[in-house]
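*Asks:* What follows is a structure written as structure tokens; I'll ask about it next.
The values are calculated or read from the model by the stated rules, or taken from the named source; none is laboratory data. Predicted, not measured: the structure shown is a model, and the values here were computed from it. Cβ placement follows ideal geometry from the backbone for every residue including glycine, while neighbour counts extend to all protein chains displayed. For the accessible areas, the whole protein counts, side chains as well, though only heavy atoms, and no ligand, DNA or RNA atoms are used. Shrake-Rupley method; radii C 1.70, N 1.55, O 1.52, S 1.80 Å.
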Amino acid sequence: MGSLDLEDSQKCNINRPVENLLDPNEFRRQGHMIVDFIAEYYKNIEKYPVLSQVEPDYLRKLLPKSAPDYPEPIETIIQDVQDHIVPGLTHWQSPNYFAYFPSSGSIAGFLGEMLATGFNVVGFNWVSSPAASELESIVMDWLGQMLCLPDSFLFSGKGGGVLQGTTCEAILCTLVAARDQVLSKIGKQNIGKLVVYGSDQTHSAFQKASQIAGIHPSNFRVIETTTSTSFALSPDLLRSTICSDIEDGLVPIYLCATVGTTSTTAVDPLGPLCDVANVYGIWVHVDAAYAGSACICPEFRHFIDGVEGANSFSFNAHKWFFTTLDCCCLWVKDPNALIKSLSTNPEFLRNRATDSKQVVDYKDWQIALSRRFRALKLWLVLRSYGVEKIRSLLRSHVNMAKFFEQLIGRDERFEIVAPRNFALVCFRVSPSAISKGIIKSGGISENYYLGEKDSKEDEEKYCTNEINKKLLESINASGRLYMTHTVIDGMYVLRCAIGATLTEKSHIIMASMVVQEHADSILNM
């Protein structure tokens, strides 16, 4: 084959100048526009309904059916973001956002994300970007010290920390490590005998991780909790369940204990649970995805007492630590357990630093090979605000939750249904506040039929749940605030999770008023 002639090169367009996609001047111009847009968004965020009010498939009707053939100006694109994207957002950073758990942001978090994205390094091993790996190790030790974790969890001891994307990944990685440790002793053919344990309040991420890790569905143990223990996992029930499984020839391998459950922020008793698990050689992972942030405050540190008996511990900095999604902090006592299960060493990744065993290659601590420079944004948050200011912000959210609890508690129509451990208030309209005439007036679903075997207690429970469901739907449809629900012990419960960065006392007062106004409307039908 000969070289390309002029005609061929013209056909291939190889002589046509190509636009510089990273031109510094153009980046500066467009970047300033985006920053201005985001700043205006936060300035006006309270003007938007907190919960998006659009209908399914709304966006497909507004946007072209195919991508443009030629460039469009950034000005046009930003206008489309304002006109078409913003209406379809649920505004997680709104001061009136009280749903799920917070995903709090901050200037430092945003700027750290911008820096990480700007560098766009892929730090799978040390040599691919030494600063990314080393900063992560340093930041994880900083955080571990703030939490007063035992030295056994820190690089300064024999453990170490890694930034995962989410809790789902943290649980999966540690579960795989626990699985492989046991299978190396009893043989891989016995994977069907492995059993894992959690409570009925444990996050569904644990069930998903178990499925992925090959744990047989019938060996996924869900231990019931009760109001008498504030929905915490009972060590006695755990012990009896384990003993029963061992008698059946099964092999217990993993317990997922929770500090701050999703439904009510219940706290499992770590010390007694670890005592039970350690007798049987069970890996204990502590999931503190939400509440772990608060434990940097001395007055909340006792909630993780007993963590010294666990094998791993995680919390999400992207929930209540003013660091943008995604950023899950995971510590393990035995990093080699992760590395044995998760490492691969193809020739193209071989290098002198790795062979020296003096560096951390984080690719071997996670599921994926590639990884983002998450440590940079966490580093900026810690340096920009400092430990004491972060503690102060967390305390302010807890105090606002106490205030909301007091405001709702003053209204005799409501009841608090679970202890408030942190900044989540679980409440509902109480059965005593519901008129017997509401069902006849259409206040609740008329599809419900009371049979001969249904008791007055069943009727009361159903009516109470329906009224609270209707109340939440009415509140969220108003767009003034957004809350979510849970069901515990058969009760439909409203959850007010306080933790958005912009939330102030005035928003708490407004939220309580909105709840009461909508309750007035429903209960006085």
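*Asks:* Sum up the charges of everything whose Cβ sits under 12 Å from the Cβ of A205, counting Lys and Arg as +1 and Asp and Glu as -1, but leave A205 out.
*Replies:* Result for the neighbourhood of A205: -1.
*Asks:* Same structure, new question: If a paramagnetic tag sat 7 Å from the Cα of R29 along the Cα-Cβ line, which residues of the stretch 67-109 would have the backbone N under 12 Å from that point?
*Replies:* 73-75
*Asks:* May I ask you to derive the FRET efficiency for K208 and Y280 from their Cβ-Cβ distance with R0 = 30 Å, giving the value to the nearest 0.05?
*Replies:* So the FRET efficiency works out to roughly 0.80.
*Asks:* Determine the dipole magnitude for the stretch 156-334: charges of +1 sit on the beta-carbon of Lys and Arg, -1 on that of Asp and Glu, nothing else is charged, the reference point is the Cα centre, and the result goes in debye to the nearest 20.
*Replies:* Computed about the Cα centre, the dipole is about 440 debye.
*Asks:* Toward the positive end of the charge dipole of the chain, about the Cα centre and with charges on Cβ (Lys, Arg +1; Asp, Glu -1), which of G123, A353, S521 goes farthest?
*Replies:* It is A353, whose Cα lies furthest towards the positive end.
*Asks:* On average, how much accessible surface per residue is there in the chain, in Å², for a 1.4 Å probe, leaving out ligands, DNA and RNA?
*Replies:* Roughly 50 Å² per residue, with all protein chains present.
*Asks:* Contour minus end-to-end for S66 and E517, with contour as 0.36 nm per residue of separation and end-to-end as the Cα-Cα distance?
*Replies:* Value of the extension gain: 157.8 nm.
*Asks:* For the pair N336/E504, report the inter-label distance in nm, with labels modelled 7 Å from Cα in the Cβ direction.
*Replies:* So the two model labels end up 5.5 nm from each other.
*Asks:* Could I ask something else about it? Taking the Cα centre as origin and putting +1 on Lys and Arg beta-carbons and -1 on Asp and Glu beta-carbons, what dipole magnitude results for the chain, to the nearest 20 debye?
*Replies:* For this selection, approximately 660 debye.
*Asks:* Consider just the alpha-carbon atoms of the stretch 156-334 and return their Rg together with their Dmax, both in angstrom.
*Replies:* Considering the stretch 156-334 through its Cα atoms, Rg and Dmax are 15.4, 48 Å.
*Asks:* Putting +1 on Lys and Arg Cβ atoms and -1 on Asp and Glu Cβ atoms, find which of V35, Q79, G112 reaches farthest to the positive end of the dipole of the chain.
*Replies:* Ranked along the dipole, the leading option is G112.
*Asks:* Determine the share of the stretch 46-182's accessible area contributed by carbon and sulfur atoms, expressed in whole percent, with a 1.4 angstrom probe. Spell out each step's value before the answer.
*Replies:* Values: 4250 of 6870 Å².
Of all accessible area on the stretch 46-182, carbon and sulfur atoms account for 62 percent.
*Asks:* For K469, which aspartates and glutamates qualify as cross-link partners when the Cα separation must be under 20 Å and same-chain residues fewer than eight apart are set aside?
*Replies:* Straight-line reach from K469, under 20 Å: E405, D411, E412, E415, E446, E457, D458, E459, E460, D489, E517, D520.
*Asks:* Looking at C256, Y280, L325, which one has the Cα that reaches farthest to the positive end of the dipole of the stretch 181-327 (charges on Cβ: Lys, Arg +1; Asp, Glu -1)?
*Replies:* Going by the charge dipole, the pick is L325.
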